Amino acid sequence: MLSQDFLSDIIDSQRKYFVSKKTDLVRESLDKIPVKKGYATLITGLRRCGKCTLLIQLQKKENFTGVVYLNFEDIRLSGFEPSDFSRLSRAMTARSDSRIVFFDEIHLMKDWESFICDLLKDGWRIFITDTNAHLLEVPFAVSMELFPFSYTEFLDFSRSASGPDSLARYLKTGGIPKFVRNEGTSILGNLLDDILVRDIAVHHSLKDAGALRRLAVYLLQHTGQLVSANRLTGLFGINSCATVLEYFNFYRDAYLLELLPQFSHSTRVRQRNPKKIYAMDVGLINVAMASEPDPESRLENTVYLFLRRRCRTIYYYNSGSKYRCDFIAADETGHNEHYRVVQVCGILHDENRRDEVEGLAAAAGELGLKRGTLVTFGQKEVISHSNIQIDVVPAYEYLK
């Protein structure tokens, strides 16, 4: 049991830390934060992608005063029990006339959902940040996902001009704010450790964190490639297909990796076929590689993240022959006229041109589309093929 005075002291000390944090670049997502009367606002995303900073920017924008901030990863709260919520509520009320609270990682506490619902009934305005995508399903919150810096944010933050040089730097560093700020080369390695240990192994009480780590590193080394649980079973000491699938879900929920299904109108086909693997920040790919990662695979991963910010559903396309397309992306409606098809090819040349164009045209044709996009490092042209217009564009233009 934690006393009310002890909880009050933690609130006071965390507030000092919260208000002292750098706000840096005003994020593109600031104006998209959802607010609905009677609901909590939930912001999920990769660890260290800037969720708490976004709340500071919101506080300044809305002129919030008397805000209570509480990060439940604070070691002093390690003995927190469900019975302590009543004392926490009294401590919060004594320190906030505005009844506005920012919670970070509250899902670590047992019975936290009931506590949030009670606060909402008492008129509190609640903002929650968390690294667990599974929380997007809670019924008492309106939610949004925050991602690391986009290319446009990277340009603004680093005061760079759009072009090949800045694109090359972005593909190498990714968008984790602290790493972009060059505050130490160990940042991404520590981030990967935190995700695997704190967000996954500890949270799910896994006994073999080594297998979890080895599989994650393998997947990061093979971004943009096809993977299946069946083929990975037996590797890294993981002898069950069900365990591999469980780890896949853990990586996804922690915003470490995403698994892209093959496009099909059949749910069974989507579930049965191998998935394409992508990292939720390209900087994390560098951490897992013994040598310099392939620039084209990082470009493909970056285009995926660009689409992930904008589209409800994304697939890869396989025509059943040798022709493939990297992405079919759909907006909220999912109707054919709202699909887009995107191919990624760093350098388009005579040896690969036919496969890249045919793959894109096949995907567009199946959806009845008359236009597609082929993203390159720097080439720009327009290709007409099978009554389909293919816009070849440099990534530094497409990503803006």
Search result, residues across region 30-85 that are loosely packed, with under 12 Cβ neighbours inside 10 Å and among the hydrophobic types (A, V, I, L, M, F, W, C): 75
Quick check on residue 225: is it touching a strand residue (DSSP E or B) at 6+ places or on another chain (Cβ under 9 Å) and exposed (fewer than 15 other Cβ atoms within 10 Å of the Cβ)? yes
In region 363-378, residues that are of a type in the set (Gly, Ala, Ser) and over 15 Å from residue 329 (Cα atoms) total 1
Any hit, region 322-330, residues being more than 21 Å from residue 219 (Cβ to Cβ), touching a His at 6+ places or on another chain (Cβ under 8 Å), at pLDDT below 95 and not assigned by TED's automatic domain parsing to the domain that holds residue 232: yes
With 277, 314, 383 as the choices, which residue is at pLDDT 95 or above, out of contact with any Phe, Trp or Tyr (no Cβ under 7 Å at 6 or more places or on another chain), within 30 Å of residue 214 (Cα to Cα) and in a strand (DSSP E or B)? 277
Selection over region 289-305 where residues are surrounded by fewer than 20 Cβ atoms within 10 Å (Cβ to Cβ) and either hydroxyl-bearing (Ser, Thr, Tyr) or under 20 Å from the mean Cα position of the chain (by Cα) (or both) yields a count of 1
Flagged pairs (Cβ under 7 angstrom, 6 or more apart or on separate chains; first in region 53-81, assigned by TED's automatic domain parsing to the domain that holds residue 30; second basic (Lys, Arg)) are 53/21; 54/27; 56/21; 57/27; 68/95; 69/15
Answer yes or no: is there a residue in region 240-259 that is in a loop (DSSP other than H, G, I, E, B), of a type outside the set (A, V, I, L, M) and surrounded by fewer than 19 Cβ atoms within 10 Å (Cβ to Cβ). yes
Confirm whether residue 149 is assigned to a loop (DSSP other than H, G, I, E, B) and either surrounded by 16 or more Cβ atoms within 10 Å (Cβ to Cβ) or of a type outside the set (A, V, I, L, M) (or both). yes
Result of the Cβ filter at 7 Å on region 230-243, keeping first residues that are within 12 Å of residue 212 (Cα to Cα) and partners that are hydrophobic (A, V, I, L, M, F, W, C) and surrounded by fewer than 16 Cβ atoms within 10 Å (Cβ to Cβ), at least 6 apart or interchain, is none
What are the residues in region 306-324 that are closer than 16 Å to residue 264 by Cα, surrounded by fewer than 13 Cβ atoms within 10 Å (Cβ to Cβ) and within 22 Å of the chain's Cα centre (by Cα), if any? 312
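Matching residues to (1) under 18 Å from residue 299 (Cα atoms); (2) out of contact with any Pro (no Cβ under 8 Å at 6 or more places or on another chain); (3) of a type in the set (D, E, K, R):
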| residue | (1), (2), (3) |
| --- | --- |
| 149 | yes, no, no |
| 158 | no, yes, no |
| 168 | yes, no, no |
| 173 | yes, yes, no |
| 176 | yes, no, no |
| 185 | no, yes, no |
| 188 | no, yes, no |
A careful count of residues in region 286-313 that are among the β-branched types (Val, Ile, Thr), touching a helix residue (DSSP H, G or I) at 6+ places or on another chain (Cβ under 8 Å) and closer than 22 Å to residue 28 by Cα gives 2
Of the residues 188, 119, only one is surrounded by 16 or more Cβ atoms within 10 Å (Cβ to Cβ), within 30 Å of residue 249 (Cβ to Cβ) and outside the structural domain of residue 70 (by TED's automatic domain parsing); which? 188
Output the number of the condition that residue 349 fails; it satisfies all remaining conditions of (1) buried (at least 20 other Cβ atoms within 10 Å of the Cβ); (2) modelled with pLDDT of 95 or more. (1)
Go over the candidates 281, 294 one by one and state the one that is in contact (Cβ under 8 Å) with a residue 60 or more places away in the chain and either over 18 Å from residue 395 (Cα atoms) or not hydroxyl-bearing (Ser, Thr, Tyr) (or both). 281
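The values are calculated or read from the model by the stated rules, or taken from the named source; none is laboratory data. Everything quoted here is computed from the prediction, not taken from an experiment. Neighbour counts run over all protein chains shown; Cβ positions are idealised from the backbone, glycine included.
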